[in-house]
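Peer 1: Would you mind keeping the following structure in view while I ask a few things?
Every number here is computed from the coordinates shown, using simple stated rules; none is lab data. All values reported here derive from a predicted model rather than from experimental measurement. All Cβ positions, even for glycine, are placed from backbone atoms using ideal geometry, and neighbour counts span all protein chains on display.
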There are 4 protein chains.
Amino acid sequence: MTERETDTPGPTLEGLRQRLVEFAAARRWEPFHTPKNLTAALTVEAGELLEIFQWLTPEQASAVMADPDRAHRVRDEVADVLAYLLQFCTVVGVDPLTALAEKIERNELRFPAPGALAEEADVNPEDAS
Amino acid sequence: MTERETDTPGPTLEGLRQRLVEFAAARRWEPFHTPKNLTAALTVEAGELLEIFQWLTPEQASAVMADPDRAHRVRDEVADVLAYLLQFCTVVGVDPLTALAEKIERNELRFPAPGALAEEADVNPEDAS
Amino acid sequence: MTERETDTPGPTLEGLRQRLVEFAAARRWEPFHTPKNLTAALTVEAGELLEIFQWLTPEQASAVMADPDRAHRVRDEVADVLAYLLQFCTVVGVDPLTALAEKIERNELRFPAPGALAEEADVNPEDAS
Amino acid sequence: MTERETDTPGPTLEGLRQRLVEFAAARRWEPFHTPKNLTAALTVEAGELLEIFQWLTPEQASAVMADPDRAHRVRDEVADVLAYLLQFCTVVGVDPLTALAEKIERNELRFPAPGALAEEADVNPEDAS
């Protein structure tokens, strides 16, 4: 996370969320932005991010940001996923940061870190989410 | 976005990103967290969010948060999508807020708001992203 | 399903599956065709099919095949989804027709048709799959 | 594709498509089976198939059918993907076999097999679909 090179504060999640609200309102796109349409769009964009990686070897995938074209596509699809997630959260009234904080707390109980308990947990990411 | 009811500051995106890094490290899950695996997981979780809505009528979808079970599932899947997006961004070194700010700027040029220009634009969400 | 207008037999699923095997072999693409990559590609293509519909109203969606461009995209994405499904089935050794026949049998038990039993079932597609 | 062990003919794609039509009709699920809902369901199920593989190493993924639980899930998700694809094709009036045959023909022109032309093609699955 070393992209920001200046001392000026970067954009905030809430600021971006608000800009997306204004962007859609100015284009009268709100009628399209139903919860169902937005989750469909979110899934489609996540698929487009996955598409960049689908045929890559692990080595190619690790070096994805060294290829300027792929790096641009990655940033573009990350932006699309985050945009639709924020727009979805706006229309259903969910705070994504609170939702994630609560999920991390549930997962910390569900998957105790090895060493955190007398009896070491054998946890696997396959069981999560 | 009316969930927070206290004056205590809520979680920040960067704080949650860091907690996810520590969570994975404590469980030694980093080897699983390749860019390809994380984009796959992101797409799967986006699909799980979509699944909640797939058979709902527009009316049912709009009222999704009035059903406590569905509301919990929505928050849970929003958290999963955001978690995998942040973990992906960490491993590829992308700042999601900067990526989204840049995308909004590109889209403001690409889809001028009606009234913003002498010649009104005929824009449609189908052309975006 | 009225597309075939001649008496010549159309393509068969097994014939197409075999052509896909030969197509990949001739281009030496088999190393890319791992189960994981193929399920990723399948999901991406399903997302591209969904993308056609994501902003459409129910009326527009019902008339999708009346628009030649959209109709072509629909056929193209259906083909991609089926292609990756068949290629996946080839590499893992699953017969998709047998798998589907067995699933239908399980679902017939799980979701009894109303009227099929003395006590009418209240079934909902939300519970299926 | 060695699953069928008897001489009795296995199920056909058209026969299964028809059974799915009858299954939905008997449960009065047709109103739910809009093109948009069915492509959403297709994407969700493709994601569930991908989920089985998302954290697996290439070795684990190759051996997926040796694990009875995973093998059952794979067959189940293959069936779901094929079911929703067939139901989608029914409602939009597309013959999936014809669509795939046409796509293969287009791809044979677009990605000439090495050796098929004087000038060898440098083709890559990344360019396909």
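Peer 1: Once you order the gyration tensor axes a ≥ b ≥ c over the Cα atoms, which shape class does region A:1-112 get: rounded for a/c under 1.5, otherwise prolate or oblate by comparing a/b with b/c? Could you put the intermediate results ahead of the total?
Peer 2: On the way: a/c = 1.43, a/b = 1.23, b/c = 1.16.
In terms of gyration-tensor shape, rounded.
Peer 1: What does the structure give for A:63-70 when I average, per residue, the other chain Cβ atoms found within 10 Å of the residue Cβ?
Peer 2: 1
Peer 1: Work out from phi, with θ = phi - 60° and the Karplus expression 6.51 cos²θ - 1.76 cosθ + 1.60, the ³J(HN,Hα) of each residue of region D:72-78, listed in order in whole Hz, and give x for Gly and Pro.
Peer 2: 5, 4, 4, 4, 5, 6, 4
Peer 1: Further question on the same structure: Order the peptides C:73-85, A:52-64 from the highest to the lowest mean number of other Cβ atoms within 10 Å of their residues. Walk me through the numbers before you get to the answer.
Peer 2: On the way: C:73-85: 24.5, A:52-64: 17.5.
Averaged packing, sorted descending, gives the order C:73-85, A:52-64.
Peer 1: Additional query: Within 10 Å of each Cβ in peptide C:20-29, how many partner chain Cβ atoms are there on average? Round it to a whole number, please.
Peer 2: On the way: counts 3, 0, 2, 6, 1, 1, 8, 11, 3, 6.
For peptide C:20-29, the averaged partner shielding equals 4.
Peer 1: Could you name the lysines whose alpha carbon sits less than 16 Å from that of residue D:36, not counting residues in the same chain fewer than 8 places away?
Peer 2: A:36
Peer 1: For peptide A:84-92, what's the mean number of Cβ atoms from other chains within 10 Å of each residue's Cβ? Intermediate values should be presented prior to the final figure.
Peer 2: Values: counts 4, 8, 3, 0, 6, 5, 1, 4, 8.
Across A:84-92, the average partner-chain Cβ count within 10 Å equals 4.
Peer 1: Here's another thing I want to ask about it. What are the nm distances, shortest first, from residue B:18 to its equivalents in the other copies, labels at 7 Å along Cα→Cβ?
Peer 2: 2.5, 6.2, 6.6
Peer 1: Another question, if that's okay. Run the label-point distances for residue B:93 please: 7 Å along Cα to Cβ, every other copy, nanometres, shortest first.
Peer 2: Reported distances to equivalent positions: 4.3, 4.3, 5.4 nm.
Peer 1: Right, another one. Copy-to-copy spacing for residue D:73, label 7 Å out on the Cα-to-C-beta vector, in nm, shortest first?
Peer 2: 1.8, 2.9, 3.3
Peer 1: In whole Å, how far is the Cα centre of region C:22-84 from that of region B:20-46?
Peer 2: 27 Å
Peer 1: With chain A rotated onto chain C, spot the residue of A whose Cβ lies nearest the axis and note the distance in whole Å.
Peer 2: Value returned for chain A: A:47, 2.
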